[in-house]
1. Which trypsin sites (Lys or Arg not before Pro) in segment 50-96 sit in a loop by DSSP (not H, G, I, E or B) and have at most 14 other Cβ atoms within 10 Å of their own Cβ?
2. Give the residues of segment 57-80 whose amide nitrogen is closer than 18 Å to a point set 7 Å from the Cα of residue 35 in the direction of its Cβ.
3. Treat each spin label as a single point 7 Å out from the Cα along the C-beta direction, and report the residue 84 to residue 67 distance in nm.
Amino acid sequence: MKPLILVAVLCCAAPAPARSKWYRVGQVAWTVASVVDIGSSWGKREVNPVLGRGRFGRRQAGVKLGIAGGWLVGQEVLRRRVPESERAVTVVNLAG
């Protein structure tokens with residue numbers, strides 16, 4: 001947990017071009033975490049009602065990837081309309 005906090009602090013303190021790099025790193029981290037979660041859940045019992053009850057399979061993976069993709073698209077739109085939000089979105093991505 002401490003390295004994550006350090007990365008978040010460095011990200012917030014970095015100048016704008018470096019923050020953009022951390023922003024992209026955060027997006028990659030979010031995507032990798034979603035894919036790893038899908039891999040670890042595959043075939044096991046799913047208890048999250050948003051994804052659907054039962055065994056984790058293609059349908060649940062599709063919903064999970066749709067949520068992750070919607071988050072990434074939403075933050076791009078937010079970042080372009082409100083550039084100051086980049087710092088907060090980066091921290092959320094790295095924390096997630």
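What follows is calculated from the coordinates using simple rules that are stated; it is not laboratory data. Since the structure is predicted, the reported quantities are computational estimates derived from the model, not experimental observations. All Cβ positions, glycine included, derive from the backbone under ideal geometry; neighbour counts span all protein chains shown.
1. On the way: sites: 53, 55, 58, 59, 64, 79, 80, 81, 87; in loops: 53.
Sparse-neighbourhood loop trypsin sites (Lys or Arg not before Pro): 53.
2. From segment 57-80, the list is 58, 61-73.
3. With each label placed 7 Å out from Cα toward Cβ, I get 3.1 nm.
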